[in-house]
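Inspection log for the structure reproduced underneath, given as structure tokens.
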Amino acid sequence: MTLTFDRADKKNAITDTMYGTLADEIAGAEGDPDTLVILLRAEGDTFTAGNDLADFRQSETENVDSPEKNVRRFLHALTTASKPIVAAVQGKAVGVGATLLLHCDHVVLAEGAALVTPFVGLGLVPEAASSLLLPARIGHVRAFSMFALGEPVPAESALAWGLANSVVPVAELDSAAYAIAARLAAQPAGAVAATKRLMRSPEALQTRIDEESARFYERLKTAEAQEAFAAFGERRPADFKKFR
């Protein structure tokens, strides 16, 4: 199964509807014997810019359960997926675009790709159980720097830190990812699923996702987040000094 972010004119920013589709497709793959591997890829020059900020702003005045529901469904689907997930990443993977990679089983990055986790700079907190998974993967100090400073992690560093399996030329990204997917599909599916299940605890991940989600939507209503979004829309640096 190939799932493609195909909103290149908006840097593949993810809307609530897109989260719902992703959740449905990943969950549906569980009962499909013809689906052996899930491949996540994107059109355009960006993997995804993360959450669509228009959805964020809308959630400030509407019931947050609507956007939260599909986001949480998607993230939970990632934690329970028994089929291996391969990601092909070009350009920037921002926010959830970076943290969802922690749930993928094989990550191929294109040269020039970068992972960005700008949560704190937006007045928010990490999501997708990344507050648990990222420190476990790369250590506390690197993970804290990624979260708190939001500086892009280039492909070569992501590879060296264990956030990706390989870095390939942009022109070879899709073929490299498809080749890995084909190799995984040729393996005994039951053994692959059992191995994946032994390597992670969906229950622990879902508990952390729910904890993060509650904090995330609390933070979305704060003055810090309001200032961050306003500054983003006005193309100016945010000023958080007045909230200290």
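Taken together, the values in this text are just the output of simple stated rules run on the coordinates, not laboratory data. Computed from a predicted model, the values in this text were never measured in an experiment. Glycine also receives a Cβ, built like all others from the backbone with ideal geometry; neighbour counts cover every protein chain displayed.
Structure above, values below:
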read-out	value
Degrees separating the helix 223-233 axis from the principal Cα axis of the chain, which is the longest one	80 degrees
Computed over the chain: relative contact order in percent, which uses C-alpha pairs under 8 Å that are six or more apart	20 percent
Computed [θ] at 222 nm, deg cm²/dmol, the chain (DSSP H ≥ 4; -39,500 (n - 2.57); rounded to nearest 500)	-15000 deg cm²/dmol
Region 110-173-region 18-39 distance, computed between alpha-carbon centres (Å)	25 Å
Within a Gaussian network of the chain (alpha carbon springs, distance under 10 Å), most fluctuating of PRO202, PRO188, PRO154	PRO188
Whole-number D in µm² s⁻¹ for the chain, Kirkwood Cα-pair radius fed into Stokes-Einstein, 37 °C, 0.692 mPa s	179 µm²/s
For peptides 81-94, 25-38, 6-19, sequence by mean Cβ density within 10 Å, most packed first	81-94, 6-19, 25-38
Residue-span extension gain [ARG183 to LYS69] - 0.36 nm each, minus C-alpha spacing	37.6 nm
Amide proton proximity set for VAL168, modelled H, under 5 Å, gap of 5+	LEU109, ALA110, GLU111
Acute angle (nearest 10 degrees) that the helix 16-29 long axis makes with the longest principal axis of the chain, alpha-carbon atoms	20 degrees
Region 118-244: C-alpha pair distances exceeding 18 Å, %	68 percent
Close Lys-Lys pairs in the chain, where close means Cα under 27 Å and separation is 8 or more or interchain	15
Degrees separating the helix 140-149 axis from the principal Cα axis of the chain, which is the longest one	50 degrees
Residue (of GLY95, ALA113, PHE74) at the positive-pole extreme of region 64-128, dipole from beta-carbon charges	PHE74
